[in-house]
1. Mind checking which aspartates and glutamates have their Cα closer than 14 Å to the Cα of Lys143? Skip sequence neighbours fewer than 8 apart in that chain.
2. Multiplying the sequence separation of Glu275 and Ala152 by 0.36 nm and subtracting their Cα-Cα distance, what value in nm do you get?
3. Past 32 Å, Cα to Cα, is the threshold; run Lys78/Lys124; Lys195/Lys229; Lys209/Lys229; Lys156/Lys247 against it and keep the listed order.
Amino acid sequence: MVSVELSCHHCQRAAGAVQVFCVLRVFGVFGTDLPRKATTEKAMRYPALVIVGVLLLRPSAARAQECWQIEHDYENAKAEYAAYSSPSMIKHRHDSEQQLARLQKPLDECRRKAATDAAAAKAKEQERMRVDAAARATKAAVKARLDAEANAMEDKHEAELDLLRSNPAVGRLIWSTELCIAQKARTTTLAAIAKERKYSRIGGVVSLKDMKDLQDDLRASDDRIAAAKATLRAEPATSPLACSAPKVVALWNCYQQLENGNLSPVGICADSVMENIVELLTHEFEHSGPGQ
């Protein structure tokens, strides 16, 4: 690894951890009495301090450059002061001492400003974190409120369905409509079976898969018819409504709209009570087939 001279000239051109190491050295983090040469490997031994150095680099590049220059001059003055140790060089040593004294104040000022900038950066980061935390808290509170409202609406809806389930007249309407739907499906399936047999006699070919599917449909209709009749018989003095009864026709029509994918019903189908009855009919129809 090539060594990097820790001077103002080289620090300005150094990259990454070495440049940060230079700045930390300028601000006295590592002390100003370190050797004048260091490798990038030495700089990378201090990751936590490198982070501090990055914070120090942020506020003002111009200020950092100025401090690097002062540090460079200060280090040169220290070297000269140390070199003038013999009695014959007392005057030069005195001059170097005065130079060090003159540089000490601006160097201290640079370090003070760097500390101020670091504190300001830290305060700014803390404020950002506070704002982020407040935003997250607000988001969580809104979500909690919306969830509570949704749960309350769901509970209310379930209570409305329970009230309809406990109404004998509504039960009679639902099971009568289901009986009519199942009987119509059975009739349609029988007609399809008869048609398949008719053309198989003419062409001599019958699709076993189609016949199997039709048989399954017929069995499902029979199961639903049996379940509807059994439920209606279980209620005292309850007989099925006629399929032509206005309430059955209306409920059947609304159910067909939903089955056909119409999610924006109109007229009586848009009534909230009717929507709930259609939901109950759909639930009962789905749970009265084969195996239910």
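1. Counting by Cα, and skipping residues close in sequence, Lys143 has no aspartates and glutamates nearby.
2. Values: separation 123, 0.36 × 123 = 44.28 nm, distance 1.88 nm.
Gain on extension, Glu275 to Ala152, equals 42.4 nm.
3. Working: Lys78/Lys124 37 Å; Lys195/Lys229 29 Å; Lys209/Lys229 30 Å; Lys156/Lys247 25 Å.
Violating the 32 Å Cα-Cα cut-off are Lys78/Lys124.
A short reminder: the numbers here are calculations on the coordinates, not readings from a lab. Every value quoted in this text rests on a predicted model; they were computed, and no experiment measured them.
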